[in-house]
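Right, one structure below, let's go through it.
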Amino acid sequence: MDDRGGTATMRSPVRSAPGVPFATTLRAHGDRLAVVTPHGAELTYDQLAGRVEDAAARLGTDRRLVMIAAANDLEPLVTYLAALAAGHPVLLTAPDDRHWNTLLSIYDPDVVLRREDEWTLRERRDGTCHDLHPDLALLLSTSGSTGSPKLVRLSAENLQANAESIARFLDIRDSDRASAALPMHYCYGLSIINSNLLRGAALLLTEDSVVDPAFWATFQKYRGTSLHGVPYTFDLLERVGFDRIHLPSLRYVTQAGGALPAHRVRHIAELGRRRGWRLFVMYGQTEATARMAYLPPELAESHPSAIGVPIPGGSFEILPSEDPSTPGQGELVYRGPNVMFGYAESPADLALGATIDALATGDIARRTADGLYVVVGRTSRFVKLFGLRIDLCQVELLLADHGRTCACAGTDDALTIATLSPDRYAIRRLVQERLRLPADRIRVVAVDELPRLTNGKIDYSAIQELANSQDLRPARHTDLSVRECFAKVLGCADIADDATFVDLGGDSLSYVQMSLEIERTLGYLPDDWPTTPIGELDRLAAQHDGRAERTTVTRTTTVETGIVLRAVAIILIVSNHIGLFHILGGAHLLLIVAGWGFARFRLAPRDSGTSHAILRSAARIAIPSMLWLTWRAVESTSVGWSNVLLINNYVRHGAYGYWFVEVLVQTLLLFTLVFAIPAARRWERRHGFGFALATLGVALLAHQFAHDTNTFAERWMATHGVVWFFVLGWLGYRATRTRQKALVVAITLLMIPGYFANPLRETVITVGFAALLFLPRLALPRFVVRMTGSIASASLYIYLTHYAVYSAALPHLPALAVLLLCLGTGMLTWSATQTLRRAVRLLAQRVRTSSRDHDTVVGSGREAQVQALSGADGTVALAKSAVATADQS
């Protein structure tokens, strides 16, 4: 009886076959660094070998089928290596339920490793119920992600040979530290692991994307030497400004998983040449374990369309084509020791040995005079419409030449095009003109992000399904798209996919409303959303919409703690001023929250423009404050021109109540000057926590020079007296490690208790900061979140206007009614100014866009011409020729 309650036929025990050498020789690399886990733990090769040996002992000596949910974590890596070392065949699969359950039910593994609450290795039976070929070592999905029951069978020799070949042409060294971010169950990601372990290099395991700051923090901390990506990875790298990131230890970059356009290859290769690293464009398939060819780095700029030469130990053959119009082209066939045993479609196939000796790749290729191979199409990427044989890859190239990012699928009934462009009509017209197809046979579907498999490749089956189900429906069911939310909140038009909240000038004043809009659209608030490209947020929105109909709407939702604190703090401030109750601390808590937001938004990674961003934030506070205070100075004798100039906390001729705005603006102007110094920007970027800690030290030193008088408390209201609260919030945001947070807590408990000689006030500040530090989100009823967001968004305007409101209303209304009136007045004022601000920005952008369009029409242009050449058999080949015209003005 097996653990599923069924009866499994047990096989006679078979002793383990010799293991894969790179998995059995880990100890040969001694105390060199082997792995850095996603949680920051470091293991040497001796330590890794010890864990692998322990796991191998648990697996036993009788061969069994081991199935692993292959996340990029230490436990899957150890179990994978243990199985290879002990001779147990491994089935690696994506960790999500759909893929896991499909393969579990079909292949019935003997041992499984999966993360539930924690990683658990579970033996489903004592022995095995399978006939396992002695040389079988690994099973991978043919696509790397679909969970298809069709698996690739790989031998120990396949794995070792491909690892040795890759290590040879990449010149992997034991001093290397490779980023292992691609999925482990994907042959490309797995080959990075195998080849680097073979040479004694270190692996930086991570599940972070290249758009996550944590990815780059780890890479720079451990002086990473290699980056690896599929085409989509390079789209993301471009969005985060990869060309501006300082990576002095980087030796080489690899690209596989689909073809990059030639101009992108050339651009990346040129960047590498300038920065001192090499680009390896590689070609492979799961059926060849991973790699079949690579383009030598020195040829990437001159031959960017080529896949290069066979890897060491491999060879290519081009089968003659039956099409006389394409001489020299044919299907590419690969031979080498890394060619798979064959496919498996059921457990019975696991007993088979090698069923093929050459791999027909399905790619159409040609060989250049220089001996390089170039892939020109796919045997399976053709459709035949009205007697015309249309190459879908060439259609994608045609559209790319016209600046359209598209992916093409289709049947013999219709051509399907998924596009990021909203102008479906223009795309249909272009393809119709070039291919001479009826318009009703060209289906164009606008999407927010091209559907991709987990390995980053285009999911063409999903495109076809999308066309069948959503051909004429809008791409999203939410009231507003993420892009429309950004336009609404920030007043921007024509927002690029790679733009982020920070790029678009978002700051602590607008993040409240923006975060609520994103959560409303996505159903949750992603971590680091302010620095996530809008295109990525749109993709998440599309995934959320796919689940929307199956999701029950709950009465609660989550909201960022900083938003709640802003709302609570401004309510405390107003309530104290009108005498509703006497609980102080709101203003100084707001200073801490402001410092947190400063570090989050104004100090987000950027090579330049930090001072400009800080100055822009100061202006967004100072300008409405000065306008309001100008009116107050004219209307009231209590407000002076020192208030208007936001210097009254030092001049002291006007009302003291506006000290918070004065401190905040003065602090931002101070740091505008600090970050105008390039060395300061570099230090802060490289040592975020250390820089903030040093700044706090300076702020606390300045605080020593604050002396209270009978009429003014400098320690509470002068910038040099309270700037340390602001910097404390900044330091709290930079505290990402447990030890750093412990230090922040220690400083807080050392400084705040006793500072005001008011325990309740000090408790409000301390508890509020602790919540900000340790509770990033709070679950609240939806209506409370909406109200909290509105109050927090308008907090500056509530602060500015409440003095005028309560002085007029308090003699006539109870304090609670005055509180509501103050909040309402501030929110209405904020709403009006936001509407005005968006209108001004949209008008300005439309003027600029109109001017740009006019310049484009009368300036230089480029037209790509693609001709449809019909042969005797009705075959259509798309031949591209670029015709450039330049009208110099």
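Couple of notes before you dig in:
Results for (1) assigned to a loop (DSSP other than H, G, I, E, B); (2) closer than 30 Å to A137 by Cβ, shown as yes or no for each residue.
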residue	(1), (2)
Y343	no, yes
A348	no, yes
T355	yes, yes
V375	no, yes
E396	no, no
A418	no, no
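- G127 meets each of the listed conditions (1) among the small types (G, A, S); (2) at pLDDT 90 or above; (3) closer than 21 Å to P347 by Cβ apart from (2).
- Flag: E317 matches the condition of being surrounded by fewer than 19 Cβ atoms within 10 Å (Cβ to Cβ) and charged (D, E, K, R).
- Region 27-40, subset at pLDDT 95 or above and out of contact with any strand residue (DSSP E or B) (no Cβ under 7 Å at 6 or more places or on another chain), residue nearest to G87 (Cα to Cα): R27
Let's see how each residue does on (1) modelled with pLDDT under 85; (2) of a type outside the set (V, I, T):
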{"residue": "D527", "(1), (2)": "yes, yes"}
{"residue": "H544", "(1), (2)": "yes, yes"}
{"residue": "T561", "(1), (2)": "no, no"}
{"residue": "G586", "(1), (2)": "no, yes"}
{"residue": "L589", "(1), (2)": "no, yes"}
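- Matching residues, region 201-234, being charged (D, E, K, R) and out of contact with any Lys or Arg (no Cβ under 9 Å at 6 or more places or on another chain): E207, D208, D212, K221
- The condition of being within 23 Å of I68 (Cα to Cα), touching a Ser or Thr at 6+ places or on another chain (Cβ under 9 Å) and β-branched (V, I, T) does not hold for V210.
- A single member of L668, L700 is touching a residue at least 40 places away in the same chain (Cβ under 8 Å) and closer than 21 Å to A613 by Cα, and it is L668.
Each row is one residue, and each column tells you yes or no for (1) under 20 Å from L450 (Cβ atoms); (2) in contact with a helix residue (DSSP H, G or I) (Cβ under 8 Å, 6 or more places away or on another chain).
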position: A214; (1), (2): no, no
position: Q220; (1), (2): no, yes
position: T225; (1), (2): no, no
position: G229; (1), (2): yes, yes
position: T233; (1), (2): yes, no
position: L247; (1), (2): no, yes
position: G257; (1), (2): yes, yes
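- Qualifying positions in region 734-773 - of a type in the set (S, T, Y) and in contact with a Gly (Cβ under 8 Å, 6 or more places away or on another chain): T763
- Selection count where residues are more than 13 Å from L603 (Cβ to Cβ), among the β-branched types (V, I, T) and assigned to a helix (DSSP H, G or I), scope region 667-693: 1
- Single match in L104, L132, L151, L121 (criterion: aliphatic (A, V, I, L, M), in the same structural domain as A293 (by TED's automatic domain parsing) and surrounded by 24 or more Cβ atoms within 10 Å (Cβ to Cβ)): L151
- Count of region 33-50 residues, restricted to those that are buried (at least 20 other Cβ atoms within 10 Å of the Cβ) and either assigned to a helix (DSSP H, G or I) or of a type outside the set (V, I, T) (or both), is 6.
- Single residue of region 630-658 satisfying the filter (buried (at least 22 other Cβ atoms within 10 Å of the Cβ) and within 43 Å of the chain's Cα centre (by Cα)) that is farthest from L591 (Cα to Cα): L646
- Among residues of region 375-427 being crowded, with 19+ Cβ neighbours inside 10 Å and farther than 24 Å from G258 by Cα, the one that is modelled with the lowest pLDDT is L385.
- Considering residues of region 240-282 that are among the basic types (K, R) and under 22 Å from the mean Cα position of the chain (by Cα) only, the residue farthest from L204 (Cα to Cα): R264
- Qualifying residue in region 773-786 (condition: surrounded by 19 or more Cβ atoms within 10 Å (Cβ to Cβ) and either in a strand (DSSP E or B) or at pLDDT below 90 (or both)): yes
Matching residues to (1) surrounded by fewer than 18 Cβ atoms within 10 Å (Cβ to Cβ); (2) not small (G, A, S):
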{"site": "L170", "(1), (2)": "no, yes"}
{"site": "A180", "(1), (2)": "no, no"}
{"site": "A202", "(1), (2)": "no, no"}
{"site": "T206", "(1), (2)": "no, yes"}
{"site": "S209", "(1), (2)": "yes, no"}
{"site": "D212", "(1), (2)": "no, yes"}
{"site": "W216", "(1), (2)": "no, yes"}
{"site": "Q220", "(1), (2)": "yes, yes"}
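- Hits in region 428-445 (condition: among the aliphatic types (A, V, I, L, M) and modelled with pLDDT under 80): L435, L437, A439
- L572 meets all of the listed conditions (1) surrounded by 20 or more Cβ atoms within 10 Å (Cβ to Cβ); (2) not in a helix (DSSP H, G or I) but one, namely (2).
- Annotation: of all residues in region 635-656 being assigned to a loop (DSSP other than H, G, I, E, B) and of a type in the set (G, A, S), the one that is modelled with the highest pLDDT is G640.
The values are calculated or read from the model by the stated rules, or taken from the named source; none is laboratory data. Bear in mind the structure is a predicted one, so any value in this text is a computation, not a measurement. Cβ: placed from backbone, ideal geometry, glycine included. Neighbour counts: every protein chain shown.
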